[in-house]
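Let me begin by presenting the structure, written as structure tokens, before commenting on it.
The values are calculated or read from the model by the stated rules, or taken from the named source; none is laboratory data. Just so it is clear, the model here is predicted, and its values are computed rather than measured. Cβ atoms come from the backbone with ideal geometry, glycine included; neighbour counts cover every protein chain shown.
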Amino acid sequence: MAKVMLREEKGEVCFYIAKKDMEETIKTIEFDTEEKWGGEVELTNGEIWWIQPNPKKLPKEEVCKKLSD
């Protein structure tokens, strides 16, 4: 589990982990509506993470789980 900062920039969602100084863009997302946003996400570096689905309110800080490299 990692604390992740999510923010939207130019229509893309940035996924930033401060402890790793890693910033990637979300390439695909399981749930992408204003009411239910999150689930399994794939980053541009190929990693798969889990974001608890909630209403989309960005920027925000979330605790996310890495599912695969």
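Only residues that are part of a loop (DSSP other than H, G, I, E, B) and over 13 Å from Ile51 (Cα atoms): list them for the range 1-32, please. Please lay out each step first, then the result.
Within the range 1-32, the subset part of a loop (DSSP other than H, G, I, E, B) is 1, 10-11, 21.
Those that are part of a loop (DSSP other than H, G, I, E, B) and over 13 Å from Ile51 (Cα atoms): Lys10, Gly11, Asp21.
Are any residues in the range 5-25 closer than 16 Å to Asp69 by Cβ and either surrounded by 12 or more Cβ atoms within 10 Å (Cβ to Cβ) or touching a Ser or Thr at 6+ places or on another chain (Cβ under 8 Å) (or both), and if so, which ones?
Restricting attention to the range 5-25, the residues satisfying the condition of being closer than 16 Å to Asp69 by Cβ are 15, 17, 20, 22, 24.
Listed by number, the residues that qualify are Phe15, Ile17, Met22, Glu24.
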- Checking Glu35 against (1) over 17 Å from Lys66 (Cα atoms); (2) part of a strand (DSSP E or B), the condition it does not meet: (2)
- Any pair with Cβ under 7 angstrom, 6 or more apart, that starts in the range 45-59 at a residue that is outside any loop (DSSP other than H, G, I, E, B) and ends at one that is modelled with pLDDT under 95: Ile48/Ser68
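State the number of residues belonging to the range 54-69 that are closer than 16 Å to Ala2 by Cα, over 9 Å from the mean Cα position of the chain (by Cα) and not hydrophobic (A, V, I, L, M, F, W, C). Even if it seems obvious, please write down each step before you answer.
Of the range 54-69, the ones closer than 16 Å to Ala2 by Cα are 60-69.
Those left that are additionally over 9 Å from the mean Cα position of the chain (by Cα): 60-61, 63, 65-69.
Filter once more, so that each one left must be not hydrophobic (A, V, I, L, M, F, W, C): 60-61, 65-66, 68-69.
Looking only at that region, the number is 6.
If you scan the range 28-69, which residues turn out to be at positive phi and surrounded by 12 or more Cβ atoms within 10 Å (Cβ to Cβ)?
Within the range 28-69, Gly38, Gly39 qualify.
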